[in-house]
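Notes follow the structure.
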Amino acid sequence: MLSRIRILTALFMLGIVVSGLTAFPLEWELDTLCRWLGVPGQAPATAYSGLTFWLVTVRNALDATYLAYPFIAYGTDWLAFGHVMIAIAFVGAWRDPVRNVWLYQFGLIACALVVPTALLCGPLRGIPFYWRLIDCLFGVVGSLPLLVILGWVRRLEELVSYVQDAGCKGVQLVQEQPRCDTLSSFLFRIK
């Protein structure tokens, strides 16, 4: 069970890092995406509709902003940095999920707050409704592995508590120097 928790935690951390790192090359990403959609550089957004209109609008705005005010990109650099730091915080949960269960709870709260943030702040910033729904999906999708992990951690916590209450009798740890106070950090099986 511990290995499953660690694998899913590592995947969650990877997702946070990857989503954060995409904030560094925003201008290049939008230029590339618009080229894939067949939109030539400097094309006016009004020539398109729907999602393509929105992507071209954002691309053109970024191009103009970065040309006149390149320091604005520094804000998204810090956004990427924040994502990486949040992922690093989950190393504690990866190492000892029972003791650091609060990190998974923190992650769930953060995922839950994505939805109201997107739905409340999006209209204030002129973000189309369908794009706000895409943003909401990050919170929903991010919460799914955390909910699974929390279930596994609760089961592991009950097992550790049961074993500790029994005074570590009947437990064989698959580790060279077992210690009852850190059972959640070890793989074990009951004889």
I want to confirm something. Restricting to the stretch 65-101 and keeping residues that are farther than 19 Å from Thr22 by Cα and within 16 Å of the chain's Cα centre (by Cα), which single residue is surrounded by the most Cβ atoms within 10 Å (Cβ to Cβ)?
Ala93
Val115 passes all but one of (1) at pLDDT below 95; (2) farther than 21 Å from Arg6 by Cα; (3) surrounded by 15 or more Cβ atoms within 10 Å (Cβ to Cβ); which number fails?
(1)
Could you grab me the full set of residues in the stretch 18-64 that are crowded, with 16+ Cβ neighbours inside 10 Å and under 30 Å from Leu156 (Cα atoms)?
none
Quick one: Ala61 ticks every box in (1) under 25 Å from Phe129 (Cβ atoms); (2) touching a residue at least 12 places away in the same chain (Cβ under 8 Å) bar one, so which box is it?
(2)
Count of the stretch 149-160 residues which are exposed (fewer than 15 other Cβ atoms within 10 Å of the Cβ) and under 19 Å from the mean Cα position of the chain (by Cα):
1
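For the stretch 121-132, how many residues meet the condition of being surrounded by 12 or more Cβ atoms within 10 Å (Cβ to Cβ), free of Cβ contacts under 8 Å to residues at least 12 places away in the same chain and assigned to a helix (DSSP H, G or I)? Even if it seems obvious, please write down each step before you answer.
Quick first cut of the stretch 121-132, residues surrounded by 12 or more Cβ atoms within 10 Å (Cβ to Cβ) only: 121-123, 127-128, 131-132.
Among the residues that remain, those that are also free of Cβ contacts under 8 Å to residues at least 12 places away in the same chain are: 121, 123, 127.
Then drop every residue that is not assigned to a helix (DSSP H, G or I), which leaves 121, 123.
Counting residues in the stretch 121-132 that are surrounded by 12 or more Cβ atoms within 10 Å (Cβ to Cβ), free of Cβ contacts under 8 Å to residues at least 12 places away in the same chain and assigned to a helix (DSSP H, G or I) gives 2.
The values are calculated or read from the model by the stated rules, or taken from the named source; none is laboratory data. Predicted, not measured: the structure shown is a model, and the values here were computed from it. All Cβ positions, even for glycine, are placed from backbone atoms using ideal geometry, and neighbour counts span all protein chains on display.
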